[in-house]
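None of the figures in this text is laboratory data; all of them are computed from the coordinates on show. Fair warning: this is a prediction, and the values are worked out from it, not measured in the lab. As a convention, Cβ positions derive from the backbone with ideal geometry for all residues, glycine included, and neighbour counts pool all protein chains shown.
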């Protein structure tokens, strides 16, 4: 009798073990010994993975929760610079991590350089006094050794060596550089140009644009034009900080007026 009971127990245990490890086939999911190992209990945004044994609510509830939502008005995607153009319209700018690496998708070729010059026009940072001061400091340390403190191509390596420098550094105050887009400078900083090596490992993303701001201020001064945080008569692509603040303020005022008008209309409609 005891032996029969043992056999019955063993058969039950084997049957239970086999039934708990069924393989999935067709429309059957099979059986899992520890479903939490395969099915996340935590909610995963934008993923519809309903599993009845370890999810809260119904499949319909989870489906609604997993749908993408529109961002809150005025938000900026993580890793992007917010900017305001001359019309006061907000734009995303480009991917940005302060003092860190930023992907640059233009190759180190003449085709890539041409594309960068054509497509990279506006400086994503507004013109500020602090930015120009920092740009001057960085330019004098990293660039003036060859290009000169006035960006005229007469750095002290050229002057003090009696003109024996192998290649004359670019005179950035010449018309071809003054009229070029910001992409020309950014591409050269990232990859270098001729005998000039890359400065991508010496200048962070923001620092590169600060240097470009400062180069523009030198070009503007040479042309007797204004390029500072309050006014820019030099080009139409770089935004003075004061103008940006004014644009934001005007945009906020306009938005508030529109909200007030909507409330007024609703009140009239209700009456």
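Go over the candidates 140, 103 one by one and state the one that is without any contact (Cβ under 8 Å) to a residue 12 or more places away in the chain and under 29 Å from residue 245 (Cα atoms).
Working: 140 fails: under 29 Å from residue 245 (Cα atoms).
From the options 140, 103, the qualifying one is 103.
List pairs: first in segment 179-194 and touching a residue at least 60 places away in the same chain (Cβ under 8 Å), second part of a helix (DSSP H, G or I) and surrounded by fewer than 18 Cβ atoms within 10 Å (Cβ to Cβ), Cβ under 8 Å, 6+ apart or cross-chain?
Cβ pairs passing all conditions: 181/118; 183/118; 183/119; 184/177; 187/112.
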